Amino acid sequence: MAWLRGIFITLLSLSSFNSLALAQESIRADHVKVSLVAPTQLEPGDNLFALRFEVDPHWHIYWKNPGDSGTAPRFAFDAKHAAVSDILWPVPKRILVGDFVNLGFEGEVLFPFTVRPGDTATSVEIKADLEWLVCEEECLPGEGVITFTRPVAEKAVWAGEDQKKLGDVMKALPMGSDVSPWSLKSMRMIEGNRVAFEVVHAEGNSIEGLTIFPEDGEVYKPKAPVISDDKKALILDVNANGKVPDVGSFLLVDERGAWTHKDFALTKSDVKMSEAGSLSTFLILLLSAFVGGIILNLMPCVLPVLSIKFFSLAKMNKETRWHEILYYTLGVLVTFTALGGIFLALRATGSAVGWGFQLQSPPIVLSLIMLFFLMGLSFLGFFEFGDAIVRSAGRFEQSGAFATGVLSVFIATPCTGPFMGTALGAAATLPAAYALTIFFFLGLGLASPFLLLAVFPNLRLPKPGNWMITLRQFLAFPLFGTVIWLLWVLGLQLGTDAWLYASALGLLFTFTIWLGKN
């Protein structure tokens, strides 16, 4: 029987060897070593573990918000007879790589987590699937699996200095906002697509030396915050297409510790003028909007439409002209302000829209193509409205003037004047009341040439004559140029066949008009 006992011992030894071979408590990869920091024996309740990353000099891995580039490490646990918590993230640092600002870790960093054995467990088996990205100027992905088994007894047992080292790491981890000496008082949008975080210390300490890390990398830029002039707020830049959510989570860090402030709400009330910019700056924005509105009158897509109103005003007496101008101005101001309100409302919901957003609708673009095409034909004298239509329109002079103002704004908004960029950019970030005031002044500038005729009723207009026919025919060509531009816009929306459908529709309208004349 001695041979049988020898076989049994051999099989038992091989089984023990295989168990040890399956356990892999460290990984060595390019520029990174990952190892387990853990007790050799567990106790009931939560037991503290950590995964240690040792990164080569000049290389780094990433925080949960990686910053301008990179990706955070991923940890996936599979446990038998135990429950494993989520990873606890240490405090990151800002790492400059060329023009990029990354948020992450250099050297040695420990990611703690807890393991809770089951109530009747005598041992636990855990597998950790890991993925990471390690970068210098170039980046290398890494992955690996760490597996380990631990017995469970009455008391945890540690080897060496691991317990003390892990305890020091736990003391440096971010704490909750309930024990933070810093209070976030407000979080407001300010001009320049930035967010100001008003922060107050319980003992009145200065915010100099304090920094903030946003957990949401899609909204906020990772570069270090700027301290406001009054030394009361930290200011973060917002990404160009980032919509600031109503709530956010942030990490405040000073020389004494770090604290996580979760689900902090964006202040809804309008900011004061001192926060939105000085009064003089705002007045400059209004002046820029007004001048930009004046210049809109000269845009190829607007000038021909306004010439219609000019021709009609030249034939009117002073009293009728005054009423026409007022209704035209009202149409301009109401429509400009309404479009501004819709624009701001869409931005508030996170819709990706720009000023002139109505041209994002293919049916509207096609309708404008047909309108300008028919207007161009009319300007050239290809067809005229009949006397009955003219008489019907005469009964609705005021509504006709209002409609001309509406149309002028509708087609003017996509045009860009040299003074409009700054004003519209500020309007997209300022509170609603200030933004709508800017839109109102844009409309006031657009209506101002005709308002001059109302303010100075004795201003003499050129007498009607053949020059009006020549000018009218000349203005048909900017209309046709606008049709070409709108065809290009429609092509971007619907593809290369869009011009064919629009041209066929224009041909059908032209043929219908020709039939009506014969």
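None of the figures in this text is laboratory data; all of them are computed from the coordinates on show. All values derive from a computational prediction rather than experimental measurement. Neighbour counts are summed over all protein chains in view; Cβ atoms, including those assigned to glycine, are modelled from backbone coordinates with ideal geometry.
With a threshold of 24 Å on the Cα-Cα distance, the over-threshold entries among 185/231; 33/93; 232/262; 33/80 are 33/80.
What you get for region 71-181, charging only the Cβ of Lys and Arg (+1) and of Asp and Glu (-1), is a dipole of about 500 debye around the Cα centre. Database remark: amide H of residue 29 closer than 5 angstrom to the amide H of 34 (H placed geometrically; neighbours at sequence offset of 5 or more, or on other chains; Pro and chain starts carry no H).
Charging the Cβ of each Asp and Glu at -1 and of each Lys and Arg at +1, and nothing else, the dipole of region 159-237 about its Cα centre rounds to 80 debye. Debye-formula intensities of region 214-263, expressed as log10 I(q)/I(0) at q = 0.20, 0.29, 0.32 Å⁻¹, are -0.80, -1.25, -1.26 (one equal scatterer per alpha-carbon, no solvent).
Normalised Debye scattering of region 13-172 at q = 0.11, 0.12, 0.14 Å⁻¹ gives log10 I(q)/I(0) of -0.47, -0.55, -0.73, counting only Cα atoms as equal scatterers and leaving out solvent.
Sparse packing (at most 10 other Cβ atoms within 10 Å of the Cβ) combined with a DSSP loop state is found for the following trypsin sites (Lys or Arg not before Pro) in region 137-195: 155. Judged by the mean number of other Cβ atoms found within 10 Å, the most tightly packed of the peptides 220-232, 37-49 leads the ranking 37-49, 220-232.
Which FRET efficiency value, to the nearest 0.05, is calculated for residue 30 and residue 247 with the Förster distance at 30 angstrom and r the Cβ-Cβ distance? Computed FRET efficiency for residue 30 and residue 247: 0.15.
Here the gap between residue 91 and residue 79, fully extended at 0.36 nm per residue and compared with their Cα-Cα distance, gives a gain of 1.6 nm.
Region 98-189: percent of C-alpha pairs farther apart than 18 Å? Counting every Cα pair in region 98-189, those more than 18 Å apart make up 70 percent. If R0 is taken as 45 Å, the Cβ-Cβ distance between residue 183 and residue 122 corresponds to a FRET efficiency of 0.40.
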